[in-house]
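Asker: Take a look at the following structure, please.
The values are calculated or read from the model by the stated rules, or taken from the named source; none is laboratory data. The shown structure was predicted, so the numbers you read here are calculated from the model rather than taken from an experiment. FYI the Cβ positions are ideal-geometry reconstructions off the backbone, even for glycines, and counts take in every protein chain you see. Protein only, heavy atoms only, side chains kept; ligands, DNA and RNA dropped before computing areas. Shrake-Rupley method; radii C 1.70, N 1.55, O 1.52, S 1.80 Å.
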Amino acid sequence: IAQTKLEHRFDVAGAQEYADAAAATRHIIHVVRTSVGEVLAFRAGVAQACVGDSTITVDLKKAGTTILTAAITIDSGDAAWAVLSATIDAEDVVVDDCLEVVVTVNAGTGTLGKGLFWSLSLYEASV
């Protein structure tokens, strides 16, 4: 099969330390390598649930702008190990697009969840 007839699926996962409360951060998690592609899914969750009014927000950005309809918000209503899915608003990607995860936290008067994790699924055409 010729390379030009192939599509490449990427599943990129990342996490913060299991025993540590979620922390605000920004990470480039993927750089698009081919001329066209599409973000298929973005998900996030925590290994240990938030308590009280604390919240964790996880966003997926392309060139500094969100590509989600709304960032994923994790709060005390979400169980440990629950995997929350985002709605993708701008799924198209092209060569050299940088995709980044942006995490913001608000401890409030509660306790932030621990072991934050996220997962990105996308495909890229071969050339």
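Asker: Going through the stretch 95-122 one residue at a time, which ones are of a type outside the set (D, E, K, R), open to solvent by 60 Å² or more (accessible area, probe 1.4 Å) and in a strand (DSSP E or B)?
Answerer: Within the stretch 95-122, THR104, ASN106, THR111 meet the criteria.
Asker: Kindly evaluate VAL31 against the criterion of being over 18 Å from TRP118 (Cβ atoms), touching a residue at least 12 places away in the same chain (Cβ under 8 Å), surrounded by fewer than 20 Cβ atoms within 10 Å (Cβ to Cβ) and not acidic (Asp, Glu).
Answerer: No: the conditions fail for VAL31.
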